[in-house]
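Notes follow once the structure below has been shown.
What follows draws every value from the coordinates through simple rules; no lab data is involved. Only a predicted model underlies this, so the values are computations on that prediction, with no experimental measurement involved. So basically every Cβ, Gly included, is an ideal-geometry build from the backbone, and we count neighbours across all protein chains shown.
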Amino acid sequence: MGIQYHISLYLIYFMILGEHRGKNRKNIMKKLLITILLTGIGFGKINVVTSITDLADIAKTIGGKRVKVTSIARGNQDPHYVEVLPSYMMKVKRADIYLQVGMELDLWAQQIIDGSRNRKLQIVDCSQRINRMEVPTNKVDARLGDIHKYGNPHYWLDPENGKIIARTIAAALISTDPAGRNMYESNLAQFLQEVDFAMNLWRETYAELKGMNMFFYHNSWPYFTERFGLNVVAHLEPKPGITPSPAHLERLLRIIRNDDITLIAMEPYFSNQAPEYLHQKTGIKIVKLAQSVGAVKEADSYLNMFRYNLEVLKSHLNK
């Protein structure tokens, strides 16, 4: 608990003594205890703000009762595009730690951080220890679409990277709150064990998914498909962030018919127009996967997000 909290308790104590001078001391102390319980909720917690819900869920898992965590972007929202609101700046103004995705995905976060004018804020780039995929080797410009010069930023969609994120978050929490080190390290160890257990289970349960040929709408999934052995034949976007053109859709129709592609996977926030066109022409199935915690109701935690996605894909295997 911080010094401000303890000062508040002393002030409450003397206020009660003043109001009840001469009364039974036990009654006074009882009232003081009740007041402390009512007013002390939330005091002394480390205030963490994150760009996306996945970082928030992991931070809650590691931080436990010692942290209060808020995500700026919603789980069903495209994390590339978030409107900067004054209310977000106020949240960050009161924060101790801000957890960024990094790799140019949440560029909007910097405007929020700057607007908060919080000079004591610890800013943590959660991508700092990630083995990055699809790092461009040539010059990046707008003609290539939404290409990130530091690599594909959707790294949280590999559970093994979730472990790296968790270690980064734990280090940040310990730096801000050394008194909580034992709890943070214990929670981290438990989370790492849970990920390892889940991965061993998923390798067996979803082994049939290896080599599954499919389309994705947007190039959000290379870490996920690499981890679970899926084969991405094409994307509905001709280039990342570029709306599918008629010519590109005709090309995809030929691929579907020639290679017998049966499934399109997409995030919930993208338009159904292009996938529905391909479905009407070929009967190809469309599924919506959770790219973040909270994207669909079943993805209510970081690990449940993977369980949901893998189960959805398995249910459409060979259909």
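Quick notes
- Each residue of the stretch 205-210 was assigned a 3J(HN,Hα) from its phi angle through the Karplus expression (A = 6.51, B = -1.76, C = 1.60, θ = phi - 60°), giving 5, 10, 4, 5, 6, 4 Hz with x at Gly and Pro.
- Separation of alpha-carbon centers, the stretch 221-273 and the stretch 47-111, rounded to whole Å: 29
- Here each label is just a point 7 Å from Cα along the line to Cβ, and for Asn272 and Asp300 those points are 2.5 nm apart.
- Local net charge near Arg181, Cβ-Cβ under 14 Å (Lys/Arg +1, Asp/Glu -1): 0
- Cα→Cβ-extended label distance, 7 Å offset, between Ala189 and Lys149, nm: 4.3
- Anisotropy class of the stretch 46-202 from Cα gyration tensor, a/c 1.5 cut: oblate
- Local net charge near Ala234, Cβ-Cβ under 10 Å (Lys/Arg +1, Asp/Glu -1): -1
- Per-residue packing, averaged as other Cβ atoms within 10 Å, sorts the ranges 213-223, 46-56, 244-254 into the order 46-56, 213-223, 244-254, beginning with the highest.
- Filtered trypsin sites (Lys or Arg not before Pro), the stretch 75-124: DSSP coil and at most 15 other beta carbons within 10 Å: Arg94, Arg117, Arg119, Lys120
- Peptides 227-233, 121-127, 97-103 ranked from most to least packed, by the mean per-residue count of other Cβ atoms within 10 Å: 97-103, 121-127, 227-233.
- Applying the criteria of a DSSP loop state and at most 14 other Cβ atoms within 10 Å to the trypsin sites (Lys or Arg not before Pro) of the stretch 283-313 yields Lys297.
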